[in-house]
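S.K.: If you scroll down you'll find the structure; I have some questions about it.
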Amino acid sequence: MEQEWHPLTAGEVLERTFQIYRAQFRLFASCAVVAAVVCTAEAAWREFGTHRWSAEFSAPGPAAVWQGACSLLDVYVALLAYALPLAAMTFATAALLRGKHIGMATSYLQVWPRAFCYLRLSAVAALGMTWPLLALLVAFAAWQAWAMPGAVSWPWLLLEYLIAIPACIWLLCRYALCMTVCVVEKQGIAASMRRSVRLSEGLRLKIFLLVLLVYVLSMVFRFAASVPVLEAFPHLPGHLPLAARVYELVTGFVLTLLSVPIYGIGLMMIYMDARIRKDGSVWQ
């Protein structure tokens, strides 16, 4: 049965998000498998395939550049990996809210014709959300290479945590609804970005709270999952045994599987709230 809609509080957004998540857990977990596989493969490559490269950046300055580049790479890979799963989850959530039954295969089949559009939108949104960090990393790398090789990195870390990361969070809240807009309204890339900025006005605190919730739940899960490793290796060696490293990859896979649906469904709820407040209706 299609739900009746009214402007939602932050609590109602989360309540409806978890209601849908619990009721259709298998649907959304299966939609998230693609993202989990890609992110785990990238994590495995970093864990087992980049030791030779990371050894070349052992000095403090180059090591900071390397770590920053790897962190940004993780973000870009994740956002691209989330593109089709988030599109499928958005379509599935919209169908469920209209009172229709839908499966994972149907959700992916419905979004597949515009798959390249969703991937390009994720790439554009990723750059739009992270350009302050990217600009700071490039400036720091250039400073290390040409101006003051071996200089301390703490002033740049201060700029990162006080300016670049807050700016990226603000940009994330502006563009967070672009995929939802692109799927539901079938907009193009530029139009979806502009529409996200408009719809998110006045609701960015709710988006931030959703992102914060997913982050906190992820940290709690990671800590809980790390307890067996800490118990098995109370004095952590420099390099964990192979079994422990594989275990961490498996827990990362499960974490992505569980967390991405919360983000996707929550964004759909905020989008519906924005439609009611800005357009006066939830469906076109």
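The values are calculated or read from the model by the stated rules, or taken from the named source; none is laboratory data. The structure displayed is predicted, hence computed values, not measured ones. Heads up: the accessible areas ignore ligands, DNA and RNA and are worked out on the full protein's heavy atoms, side chains in. Shrake-Rupley method; radii C 1.70, N 1.55, O 1.52, S 1.80 Å.
S.K.: Could you run the Karplus curve 6.51 cos²θ - 1.76 cosθ + 1.60 with θ = phi - 60° over the range 178-193 and give me ³J(HN,Hα) per residue in whole Hz, x for Gly and Pro?
M.R.: 3J(HN,Hα) across the range 178-193, in whole Hz: 5, 5, 4, 4, 4, 6, 6, 9, 6, 7, x, 5, 4, 5, 5, 5.
S.K.: Same structure again: Please say if the range 68-129 is rounded, prolate or oblate, where rounded means a/c under 1.5 for a ≥ b ≥ c the square roots of the C-alpha gyration tensor eigenvalues, and otherwise the choice is prolate for a/b larger than b/c and oblate otherwise?
M.R.: Cα axes put the range 68-129 in the prolate bin.
S.K.: Could you give the accessible area per residue of the range 10-279, probe 1.4 Å, as a whole number in Å²?
M.R.: Values: 13720 Å² over 270 residues.
On a per-residue basis, the range 10-279 sits at 51 Å².
S.K.: Could you put V254, V197 in order of accessible surface area, largest first, with the 1.4 Å probe and the full protein assembly present? Could you put the intermediate results ahead of the total?
M.R.: Details: V254 55, V197 25 Å².
Reading off the accessible areas and sorting them downward yields V254, V197.
S.K.: Largest first, how would R275, R204, R46, R98 line up by accessible area (1.4 Å probe)?
M.R.: I get R98, R46, R204, R275, largest accessible area first.
S.K.: Explain nothing, just compute: Karplus ³J(HN,Hα) = 6.51 cos²θ - 1.76 cosθ + 1.60, θ = phi - 60°, for every residue of the range 155-168 in order, whole Hz, x for Gly and Pro.
M.R.: Once θ is set to phi - 60°, the couplings for the range 155-168 become x, 6, 5, 5, 4, 4, 7, 8, 10, 5, 5, x, 5, 5 Hz.
S.K.: When only C-alpha pairs under 8 Å and at least 6 residues apart count, what is the relative contact order of the range 10-279, in percent? Don't jump to the answer; show the numbers that get you there.
M.R.: Working: 265 pairs, mean separation 81.6, N = 270.
Computed over the range 10-279, the figure is 30 percent.
S.K.: How much of the accessible area of the range 10-279, in percent, comes from carbon and sulfur atoms when a 1.4 Å probe is used?
M.R.: Carbon and sulfur: 71 percent of the exposed surface of the range 10-279.
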